[in-house]
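Following: one structure in structure tokens, then a few remarks.
The values are calculated or read from the model by the stated rules, or taken from the named source; none is laboratory data. Keep in mind that this is a model prediction, so the values were computed, not measured. Quick reminder, even Gly has a Cβ in these numbers, built from the backbone with ideal geometry, and neighbours come from all protein chains shown. Accessible surface areas use protein heavy atoms only, side chains included; no ligands, DNA or RNA. Shrake-Rupley method; radii C 1.70, N 1.55, O 1.52, S 1.80 Å.
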Amino acid sequence: MSSTFDYLIVGNSTAAIGAIEAIRKLDSTGTIGVVASETEHTYSRPLITYFLSGKVAEENVYYRPLDFYDRYQVTRLLGHEVTSVDPTNNSVTLDNGEKIGYKSLLLAAGGAPIVPPIPGIDRPGVFFMNTMDDARRARGWLSHASRAVVIGAGLTGLKTAEALREMNLEVTVVELAPRVLATTLDETASEIVLQTLVENGIEVLTGVAVTAIEGSDDSNDVYAVAIDTGEKLVCDAAFITVGVTPRIGIVEASGIAVRKGILVDRHMRTNIANVYAAGDIAEAYDPLTGGQRVIPILPNAYIGGRVAGMNMAGRAAEYNVGMSVNSVSFFHRPVMTAGFATEEGGNGFRVFKRHDPKGYRKLVIRDGKLVGLILTDDVERAGLLTGMMRAGINIDGMEDELLDGKLGLICLPPEIREERIHGRGRNWL
Amino acid sequence: MNAPRNNSRNAIQAPQRKASDFRIRSNRLAEFSVERDYDKCIKCEVCIRQCSFDVHYYEEEEDLIKHRSEDCVGCQRCAVLCPTDALTIRPNPAQYRAHGSWSSEHVKDINLQAETGGVVLTGAGNDKPMPVYWDKLLINASQVTNPSIDPLREPMELRTFLGAKPDGVEIENGKLVTSMPPQVQIETPILFSAISYGAISYNVQKALAEAAVELGTLFNTGEGGLHPDFYKYRDHAIVQVASGRFGVHPDYLNAARIVEIKIGQGAKPGIGGHLAGEKVSESVSITRMIPAGTDAISPAPQHDIYSIEDLRMLVYAIKEATNYRVPVSVKIAAVHNAAAIASGIVRAGADVIAIDGFRGGTGAAPKVIRDNVGLPIEFALASVDKRLRDEGIRNRVTLIAGGGIRSAGDVVKAIALGADAVYIGTAALIAVGCTLCQKCYSGKCNWGIATQDPYLAKRVNPDIARKRLVNLVKGWSHEIKEMLGGMGINSIESLRGSRSQLRGIGLTTEELNVLGVAPAGN
Amino acid sequence: MLRIKSDPNVCIGCGLCRIWCKVEHSPSKNISKAFKPAAPPTLSCVELEERGCESFASMCRHCEEPLCVYGCITGAMRKDPQTGLVTVDRSKCVGCWTCILMCPNGAIVRDERNGYTALKCDMCLERGFPSCVEHCPNDALVIEEVEDV
């Protein structure tokens, strides 16, 4: 074995940084190693679309300052895939055959983009939007492009479309589902987002499947995206943004339990005592469903990584606040969701909505507690609502007040209000 | 702006108005004029939020803050808190035609009574320009023949003892054998006078109590009882037994360092008190032992006292109840025959007599009483002290003078005129924030002092108020020491009744005689 | 470490904390200029919370476990290890507002005056002493000394 670390982290993104920052708070001397396939300095994946359009410069895509690894005394083993994990011998094997040992291991390798079975997907001019390098290559290509098709109207797809539009390309978004952001938003909010995109010059086709990505007669490069209506969407770039899937391949045959992601308990620990997982790779506790779920969002990656890091460094911490939250702006119109945002009543859910010129507000309530929300436009102090969700506060009788946006800490029960005003905000983990 | 555009609290709390609420149209000129510099006004609405009289309001159509001068009481709260000094509140320059006999105040009061048919109420003390005799007395200082004392370098004693003193003391083998009546030691001759919880807010009484603790002096519960939270200040409490007997029970009496029987009050001699039901909150009701929301009426007389003999029975009832551990004080308003009454009070067995002059404050009094009944404290004090000396019974009581003590100079003059110590009430409340707007009776005190409205009462931060009270009394105490030193005296007790340290200026022979003071230059 | 403590028992609901916070976060930092009609909109990091007779100012608590920092997609929101202060690097913030959705105190506001960035209480680092505390007329806002675990 070439080297052994007290803390070995597979992955160099949000969950990894969360873990490193937590570990170093508790252990200033233990060795930390980071293995990652990408060679980049740690960067923010949600900023890739901003990087694509040039709105955010390269140095600002970096998630932490350039001296981060030095200050946190982290050894980088970048440019290497982990091919297998061997919990029996406390080691991982890299793609060059090297074995790295660990005392405790965090698997935070994230998700891989889903590659849909579309003929022609490997043509030049077809891009994924998962890595900084994807964006860098796309930028080069787009310098002589004028029309682009985005396949998949999820968050990444729509942010990609926005970026392309800001680069003055003509953009068409193609989505298999009947509406945009179908898994994140309800119909009303979906329609609001759609209107925003359309007003800003993006064409959106929903309920259509892509049948092929075609080249032209004289070139292999992408020339059109064919859809199941028979139409051909002529373009000189196509983006595949149909989602990511946990990179659970790295734990194959290791004995580490997986379902959709790597299964972890409330301490972000796998079924192996000294092996943890966090971020998009993990299937972790969801406080709203009470079960385990892959929720591939950045806040949860950091928090999960932090919880894992604390436990790895010997301080017990629990992952209790990992519900689903999304905040995104399209052309400066903010849209936020949390929890069971798409529920429409029934199954024990009660739904309160208000849609007026101030924006759209939707609250989903179960057993007197707020369990889901959608907000557009007027998102002032939205965290008070997610704070109520996290704290499980009974909001019976407060629905109208919350729907009016007249909310404040003063609405909270006295003991929770007291904690919010005078507490130190240390009880989340 | 995100702030609500109306004074939302008042909007919420405004009761449904009935037709009978609309009064006769008023003919009165506004007392104050609100002047807003619109160049400076940033429409922050602090004035709207702070005025309990709803003077300021937001006018949506014009997007301006406006005001109704006629509702202004001149408390200056808005002017003080306005962050851009955009507000000036001053007496309304518009006045009725000048008249040597019929002042604007007379005309306004007549109009008010013509509209309401009631008694004109007011608060605070007599504000009429009657002579203040403190200002006609001058203090002596040592030059050459008797050295002055520098209080920063030499001991200077402000400590004094409240309680009856024996006619003489016997000492055997270096030990005092005379049995002493109960004595209460105070570190400065300044006490906080009786202000009830009910008249003032919880926070203010708390601040008074804590300041008394810090200063080594006493506060006085007034006739409102002692709130359960305040029993921890018992070692610094004077508790009152007044005509309404509010909050009086054995624990209350035994909690005190001094029990004070309140016969009268300088601001309203001869009449009782009336705390409106609106001010009788749950907490006030517990403290006073009366139902919440009911008017707390203190009868004019104590119905069991119709003679000195009756008073003696109450004095001794209290002494029995407290096992003779605490001095009993009797507080009277300064009235024409104060001297004879005081003599009777001594003979009734009181250990302390508190005399309250006619400039003393009140939470509520009929204006006609406040401004016309009673005596200046200077005359009452001088005549009581002289009478008790003449009768050879001055040692049997401590005299506390109150009602219009405004400065350390007034304290020194009061003690030279015969007081052992002074009560300060209005001065203490000014230290806490009072601007003497005289609307105490309304319960809407914008400074959070004379109110039980929880929204307003928060305006007095007891910590700040305590510090300000302590600073005031410390400041005065320093000044008293300086003046004592100047006179070549090193103990406050040596000044007591030393009228030779005073000279009168601009006083008639009769006035000088009553005060027992020689004219300036003599 | 120093923090701002808000005391509902003596908050008088005057709103001066908000006014002075707005001044501090205005281009001129001058009260008479900040509220001129032509001036950019004013923004306060302090909320005045009111209901009936109750009121208090609320602002960032600079949490020990700051969910806004954890949710920040750019790394613009940081908790300083020395001072414990949570601050936004406005040159990095892209205005995704995840911090607003994460903050259980509702203490972060959108600043759309010059780009789109989050704005929050930094205890007036530049000024040296929190303006809201300095201008609170009743000590309902005071500075307290605390220890991060």
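Points worth noting:
- Subset of region B:181-236 (residues that are hydroxyl-bearing (S, T, Y) and touching a helix residue (DSSP H, G or I) at 6+ places or on another chain (Cβ under 6 Å)): B:T188, B:S196, B:Y197, B:S201, B:Y231, B:Y233
- Residues located in region B:414-471, provided they are within 13 Å of the chain's Cα centre (by Cα), within 14 Å of chain C (Cβ to nearest Cβ) and assigned to a helix (DSSP H, G or I): B:V432
- Pair list, Cβ under 7 Å, 6 or more apart: region B:387-403 residue farther than 11 Å from B:A419 by Cα, other residue surrounded by fewer than 16 Cβ atoms within 10 Å (Cβ to Cβ): B:N395/B:D167
- For region A:243-302, a residue qualifies if it is without any contact (Cβ under 8 Å) to a residue 60 or more places away in the chain, assigned to a helix (DSSP H, G or I) and either within 14 Å of chain C (Cβ to nearest Cβ) or buried (at least 21 other Cβ atoms within 10 Å of the Cβ) (or both), and the qualifying residues are A:I248, A:P299, A:N300.
- Filtered by the rule that a residue be part of a loop (DSSP other than H, G, I, E, B), buried (at least 22 other Cβ atoms within 10 Å of the Cβ) and of a type outside the set (G, A, S), region C:1-24 gives C:C11, C:I12, C:C14.
- In region A:129-137, the condition of being over 18 Å from A:T39 (Cβ atoms) and either touching a helix residue (DSSP H, G or I) at 6+ places or on another chain (Cβ under 6 Å) or more than 14 Å from chain C (Cβ to nearest Cβ) (or both) is met by at least one residue.
- Residue in region B:502-520 that is within 16 Å of the chain's Cα centre (by Cα) and part of a helix (DSSP H, G or I) present: no
- Inspection of region A:396-408 finds a residue satisfying the criterion of being open to solvent by less than 10 Å² (accessible area, probe 1.4 Å), in contact with an Asp or Glu (Cβ under 8 Å, 6 or more places away or on another chain), of a type outside the set (A, V, I, L, M, F, W, C) and assigned to a loop (DSSP other than H, G, I, E, B).
- Number of positions in region C:8-26 that are more than 8 Å from chain B (Cβ to nearest Cβ) and over 16 Å from the mean Cα position of the chain (by Cα): 1
- Checked against (1) facing chain B (nearest Cβ under 10 Å); (2) in contact (Cβ under 8 Å) with a residue 60 or more places away in the chain; (3) in a loop (DSSP other than H, G, I, E, B), C:T42 meets all criteria but (2).
- Residue within region A:100-112 that is in contact with a Cys (Cβ under 6 Å, 6 or more places away or on another chain) and part of a strand (DSSP E or B) present: no
- Wholly enclosed strands (runs of 3 or more DSSP E) of region A:135-234 bearing at least 2 residues over 26 Å from the mean Cα position of the chain (by Cα): A:210-216, A:219-227, A:232-234
- Condition check for B:V169 on (1) open to solvent by less than 80 Å² (accessible area, probe 1.4 Å); (2) at pLDDT below 95: one failure, at (1).
- For first residues located in region B:363-375 and more than 15 Å from B:A300 (Cα to Cα), partners that are open to solvent by 30 Å² or more (accessible area, probe 1.4 Å) and of a type in the set (S, T, Y) and lie 6+ apart or on another chain with Cβ distances below 7 Å form the pairs B:G363/B:Y441.
- The residues on offer are A:S13, A:S53, A:S2, and the sole one that is open to solvent by 10 Å² or more (accessible area, probe 1.4 Å) and more than 14 Å from chain C (Cβ to nearest Cβ) is A:S2.
- If you go through region C:73-91 and keep only what is open to solvent by 10 Å² or more (accessible area, probe 1.4 Å), in contact with a helix residue (DSSP H, G or I) (Cβ under 6 Å, 6 or more places away or on another chain) and in contact (Cβ under 8 Å) with a residue 24 or more places away in the chain, you end up with just C:I73.
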